[in-house]
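J.: This is the structure, below, for whatever I ask next.
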Amino acid sequence: MPLMSREVAISLRSLRKEFKTAARTVVAVDSVDLDVYNGEFITLLGPSGSGKTTVLRMIAGFELPTSGSIVLDGQDVSDKPPFDRDVNTVFQDYAIFPHMSVLENVEYGLRVKKVPAVERRNRAREALANVALADFGDRKPSQLSGGQRQRVALARALVNRPKVLLLDEPLGALDLKLREQMQIELKELQREVGITFVFVTHDQEEALTMSDRIAVFNNGAIEQLGTAREIYEHPATEFVAGFVGVANLIRGESAQALTGQSRTVSIRPEMISLGETGDRRAQGHVREVIYVGNATRIIVELAVGGQLIASQPHDGRSTPHVHTGDPVTLSWSAAHEYVIG
Ligand code: ADP
Ligand code: MG
């Protein structure tokens with residue numbers, strides 16, 4: 001989706017966070033620079049421990065940066081408390097009050113802010129309608145499914161009409177089917193309400209599905225920032241190539257021999273075929289044939305050294321008949337090579 005506008009909602013500059021423990025100092029976040037645009041769905045993607053949650057907590061104000069700055073909507077909030085920031089957070093372990101009805105749960109934040117009763121009720125109903133729970137206001141949380149409880153948590157944040165919503169692995173507790181369904185719903189909801197979403201996940205498919213842009217985190221720093229397509233098709237580093245999609249790298253002398261490149265080359269498995277169809281060729285032996293449902297993955301030991309994975313889709317054409325140990329020729333187009341670093 002094209003970005004709604006180029007107005008900056010969140011600006012992070014040289015953001016750094018150290019945690020001092022008795023034994024040592026952990027640098028959780030290191031020199032993070034990031035501009036998030038108004039109305040954007042941006043995802044912080046990275047493995048566990050890469051600093052995603054810490055960045056989110058600093059934006060929310062639950063954690064103060066060791067150095068660097070956070071500007072929200074043009075205002076430097078670096079040392080402001082959470083309640084002075086126009087952001088709301090949705091966590092994975094959504095804190096819903098079990099003794100209150102769904103509607104009371106959603107109203108709760110407004111009650112604390114002393115919003116008059118009628119307005120409170122109307123806004124809570126609207127927020128419940130936003131998450132497709134209009135008819136569930138009278139239920140107790142225990143009478144809802146996991147996915148519905150997650151939507152209540154979302155409605156509790158939306159009812160405050162924040163400019164920015166921070167979501168820390170909000171779908172992490174759901175099973176795969178429900179999770180995939182919620183990914184689409186959440187994306188649609190975001191488009192509908194037009195709130196800027198900063199979404200955290202370690203799941204690359206989730207990030208690719210939902211985001212306008214993705215910031216890939218590694219060791220507390222952003223390794224690459226771009227659209228799903230940019231990140232998938234043009235990974236900037238070996239880490240990104242491996243973390244987003246299947247790593248398929250040719251290095252050193254093998255890269256030189258096969259592609260004429262002195263640097264590491266990445267080729268996505270689905271761009272490599274068996275046989276002599278492309279302008280690049282590589283000989284090798286099949287090491288492993290793996291059936292993955294919608295495709296077969298063939299891992300090939302290359303004669304020049306190294307290995308490549310070819311992914312052959314099951315698209316109605318004949319499926320590949322190769323076995324471990326078979327000699328094969330792989331081919332691809334030079335246009336699908338991507339030089340890394
Ligand atoms: P992620 O959300 O990507 O899994 P985190 O931001 O939670 O990563 O953590 C980044 C790093 O900072 C990790 O090494 C983690 O152990 C460390 N860390 C996070 N919070 C604290 C804390 N309160 N005290 C000490 N270390 C912390
Ligand atoms: Mg985390």
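J.: Out of all the residues in the range 131-145, is one or more within 16 Å of ligand 1 (Cβ to nearest atom), under 28 Å from the mean Cα position of the chain (by Cα) and not in a helix (DSSP H, G or I)?
T.: no
J.: On to the next question. Would you mind stating whether Q148 is polar (S, T, N, Q), away from ligand 2 (no atom under 16 Å from the Cβ) and either modelled with pLDDT under 95 or over 30 Å from E18 (Cα atoms) (or both)?
T.: yes
J.: Next up: Which numbered condition trips up M100, out of (1) hydrophobic (A, V, I, L, M, F, W, C); (2) crowded, with 16+ Cβ neighbours inside 10 Å; (3) assigned to a loop (DSSP other than H, G, I, E, B)?
T.: Result: M100 fails condition (2) only.
J.: Given (1) within 16 Å of ligand 2 (Cβ to nearest atom); (2) in a loop (DSSP other than H, G, I, E, B); (3) touching a strand residue (DSSP E or B) at 6+ places or on another chain (Cβ under 7 Å), identify the lone condition not met by P162.
T.: (1)
J.: Still on this structure, I have one more. Which condition breaks for G39 when tested against (1) surrounded by 16 or more Cβ atoms within 10 Å (Cβ to Cβ); (2) under 18 Å from the mean Cα position of the chain (by Cα); (3) within 16 Å of ligand 1 (Cβ to nearest atom)?
T.: (3)
J.: Kindly establish whether R57 is part of a strand (DSSP E or B), within 16 Å of ligand 1 (Cβ to nearest atom) and of a type outside the set (A, V, I, L, M, F, W, C).
T.: Against the criterion (part of a strand (DSSP E or B), within 16 Å of ligand 1 (Cβ to nearest atom) and of a type outside the set (A, V, I, L, M, F, W, C)), R57 does not qualify.
J.: Inside the range 95-122, can you point out the residues that are touching a residue at least 12 places away in the same chain (Cβ under 8 Å) and among the polar types (S, T, N, Q)?
T.: S101, N105
J.: If P313 satisfies every condition in (1) surrounded by 14 or more Cβ atoms within 10 Å (Cβ to Cβ); (2) more than 13 Å from I250 (Cα to Cα) but one, which is the exception?
T.: (1)
Results for (1) closer than 30 Å to R191 by Cα; (2) within 16 Å of ligand 2 (Cβ to nearest atom); (3) part of a loop (DSSP other than H, G, I, E, B), shown as yes or no for each residue.
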{"site": "F19", "(1), (2), (3)": "no, yes, no"}
{"site": "A23", "(1), (2), (3)": "no, no, yes"}
{"site": "V26", "(1), (2), (3)": "no, yes, no"}
{"site": "V36", "(1), (2), (3)": "yes, no, no"}
{"site": "L44", "(1), (2), (3)": "yes, yes, no"}
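J.: Being in a helix (DSSP H, G or I) and touching a residue at least 60 places away in the same chain (Cβ under 8 Å) is the requirement here; does R229 meet it?
T.: The answer is no for R229.
J.: I've got another one for you. From (1) assigned to a loop (DSSP other than H, G, I, E, B); (2) among the hydrophobic types (A, V, I, L, M, F, W, C); (3) without any contact (Cβ under 8 Å) to a residue 40 or more places away in the chain, pick out the condition that doesn't hold for I299.
T.: The one condition I299 does not meet is (1).
J.: Considering only the range 133-157, how many residues are surrounded by 19 or more Cβ atoms within 10 Å (Cβ to Cβ), in contact (Cβ under 8 Å) with a residue 40 or more places away in the chain and aliphatic (A, V, I, L, M)?
T.: 5
J.: Give me the residue from the range 165-195 that is more than 16 Å from ligand 1 (Cβ to nearest atom), within 24 Å of S48 (Cα to Cα) and touching a residue at least 40 places away in the same chain (Cβ under 8 Å) and, out of that set, surrounded by the most Cβ atoms within 10 Å (Cβ to Cβ).
T.: For the range 165-195, the residue satisfying everything is L165.
J.: When the residues of the range 221-246 are narrowed to those that are more than 23 Å from E7 (Cα to Cα) and in contact with a Lys or Arg (Cβ under 8 Å, 6 or more places away or on another chain), which ends up farthest from ligand 1 (Cβ to nearest atom)?
T.: E233
J.: Shifting gears a bit: What's the number of the condition K17 fails, among (1) out of contact with any helix residue (DSSP H, G or I) (no Cβ under 8 Å at 6 or more places or on another chain); (2) at pLDDT 95 or above; (3) within 16 Å of ligand 1 (Cβ to nearest atom)?
T.: If we test K17 against (1) out of contact with any helix residue (DSSP H, G or I) (no Cβ under 8 Å at 6 or more places or on another chain); (2) at pLDDT 95 or above; (3) within 16 Å of ligand 1 (Cβ to nearest atom), just (1) comes out false.
The values are calculated or read from the model by the stated rules, or taken from the named source; none is laboratory data. Not measured: the values here are computed from a predicted model. Cβ sites come from the backbone with ideal geometry, for glycine too, and all protein chains shown count toward neighbours.
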